[in-house]
Amino acid sequence: MNRFVVRSVMRGLINGRSYCSGSSSGSSSGHAYRSAIVGRSLQLSGQHNGVTFGGFEWRRMMSSAPASVEKATSEREEKTEKSAEEETKGKEVVTSSYWGISRPKITREDGTAWPWNCFMPWETYRTDLSIDLKKHHEPKNFTDKFAYRTVKILRIPTDIFFQRRYGCRAMMLETVAAVPGMVGGMLLHLKSLRKFQQSGGWIKALLEEAENERMHLMTMIELVQPKWYERLLVLTVQGVFFNAFFVLYLLSPKLAHRIVGYLEEEAIHSYTEYLKDIESGKIENVPAPSIAIDYWRLPKDATLKDVIIVIRADEAHHRDVNHFASDIHFQGKELREAPAPLGYH
C-alpha cells in the first residue's frame with residue numbers, strides 16, 4: 001500500500017498535477033491518496049515544517065497514528081508556540097519600545113540596581129543641616145501682618161484635628177506644601193511664554209521646591225497609612241487651597257510668597273515637636289524608609305529621627321526662598337531680575 005502511495009505521489013510530481021485539483025487526469029490518483037492516508041492536513045505554504053507542492057504544503061507525508069491523536073498533538077504544539085510567543089512579547093514590552101524609548105541601566109554607587117522610577121541618582125542630595133532653624137521674618141507692614149495672621153488662623157483647625165499625631169499632621173502638611181511651588185512655577189512659565197522673556201531660573205527653582213515637598217509626602221506615606229477620612233480631607237483641602245493660591249498668586253505674588261514663607265516656619269515648628277516626641281519615646285524611632293535613604297543619601301542604618309531632621313532642614317530652605325522672593329517683589333522688582341537659588345532645597 002505504501003509503495004502504491006509513493007508511486008502515486010511521484011507520478012503526480014512528474015506530471016505537475018495538484019492533489020487537490022478536480023481534473024479527470026488527476027482525480028484517480030488524488031482520490032487514492034486521500035483514501036489511503038488518514039489524517040493528512042493540507043495547509044498554505046509558509047509553515048516551518050513540510051514540503052510545498054503547487055502552492056500547497058503537506059506537513060505529514062506518512063503516518064500510522066489515528067487522525068484524532070495527530071490533531072491533539074498538533075493543537076498542543078500550537079498552544080505551546082502561542083504561549084511562548086506571548087511570553088516573549090510580554091518581555092519585549094518591558095525591555096524595548098516601538099519608539100526606541102527605554103531607560104538605561106542605572107545602578108547605585110555600590111553597583112546594585114536603582115529601584116526607583118520617581119527620581120534618579122543625580123536628583124538626590126545631602127541636606128545642608130547647618131541652616132538656622134530659628135530665623136523668623138518679623139511682620140513689618142499690612143501685607144506681612146495679613147500673611148502672618150492668615151497662617152496662624154489656618155493652624156488652629158489643624159491643631160484641633162491632628163493634635164499630637166505628628167505623622168498624620170506631616171502627611172497633611174506636605175499635601176498642601178507641595179502646591180505653591182507648582183502654582184508659582186506654572187504661572188511664571190506661562191508668563192515667560194506670554195512675554196517672550198527669561199524667568200531668571202525661578203521656574204525651575206519653584207518646581208524643584210514642589211518636587212522636594214512631594215518627596216516629603218512619599219516618605220511620610222511609607223510611615224503613615226492615612227485613613228479614608230484623612231484622604232477625603234486631603235482632597236478637600238487641596239481643592240480649596242490650590243484654587244485660592246492660584247488666584248492669590250495672580251493678584252499679588254509678594255503676598256503669596258510671604259504666606260508660603262510663614263507656612264514653612266510653621267512646618268519647622270511641627271517637625272521640631274515631632275522630633276521631641278521621638279526623642280522622648282512617645283513615637284517609636286523606626287528604621288528609615290528605603291526611599292528616604294536613597295533620596296537624601298542617608299546611612300543604611302538611618303532612622304525616623306534622621307529623616308525628620310533632613311525634612312525639617314528642607315522646610316527651612318523653602319522658608320528662606322519664599323521670604324527672599326517676597327522681598328524681591330517688595331522692592332518693586334520682578335523675580336527674573338534676581339538670580340534664582342537653584343538646587344537650594
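The values are calculated or read from the model by the stated rules, or taken from the named source; none is laboratory data. This structure is a prediction, so every number in the text was calculated from the model and none was measured. Neighbour counts are summed over all protein chains in view; Cβ atoms, including those assigned to glycine, are modelled from backbone coordinates with ideal geometry. Areas reflect the complete protein model, heavy atoms only, side chains present, ligands, DNA and RNA absent. Shrake-Rupley method; radii C 1.70, N 1.55, O 1.52, S 1.80 Å.
Comparison of Ala244, Ala210, Ala256, Ala267 shows that the only residue that is under 29 Å from Thr107 (Cα atoms) and among the aliphatic types (A, V, I, L, M) is Ala210. Scan segment 187-210 for residues that are assigned to a helix (DSSP H, G or I) and surrounded by fewer than 18 Cβ atoms within 10 Å (Cβ to Cβ) and jot them down. If the condition is that a residue be assigned to a helix (DSSP H, G or I) and surrounded by fewer than 18 Cβ atoms within 10 Å (Cβ to Cβ), then Leu187, His189, Leu190, Lys191, Ser192, Leu193, Arg194, Lys195, Lys204, Leu207 are the ones that fit.
Among the residues of segment 100-125, what is the count of those that are in a loop (DSSP other than H, G, I, E, B), loosely packed, with under 11 Cβ neighbours inside 10 Å and over 15 Å from the mean Cα position of the chain (by Cα)? Full working, then the answer.
Narrowing segment 100-125 to residues in a loop (DSSP other than H, G, I, E, B): 100-106, 108-112, 114-120, 124-125.
Cutting the leftovers down to loosely packed, with under 11 Cβ neighbours inside 10 Å gives us 100-105, 109-112, 115, 117.
Going one step further and asking which of them are over 15 Å from the mean Cα position of the chain (by Cα), we end up with 100-101, 104-105, 109-112.
Result for segment 100-125: 8.
Test Arg297 against the stated conditions and say whether it is open to solvent by 20 Å² or more (accessible area, probe 1.4 Å), at positive phi and either at pLDDT 95 or above or of a type in the set (Lys, Arg) (or both). In short, yes. Counting the residues of segment 246-267 that are open to solvent by 10 Å² or more (accessible area, probe 1.4 Å) and assigned to a helix (DSSP H, G or I) gives 13. Scanning for something part of a helix (DSSP H, G or I), modelled with pLDDT under 90 and open to solvent by less than 30 Å² (accessible area, probe 1.4 Å), does segment 141-164 turn up at least one residue? Yes, segment 141-164 contains at least one residue that is part of a helix (DSSP H, G or I), modelled with pLDDT under 90 and open to solvent by less than 30 Å² (accessible area, probe 1.4 Å). Out of Leu233, Leu217, one residue alone is at pLDDT below 90 and either over 21 Å from Asp327 (Cβ atoms) or among the β-branched types (Val, Ile, Thr) (or both). It is Leu233.
Scanning segment 267-283 for residues that are under 30 Å from the mean Cα position of the chain (by Cα) and farther than 23 Å from Phe119 by Cβ gives Ile268, Ser270, Tyr274.
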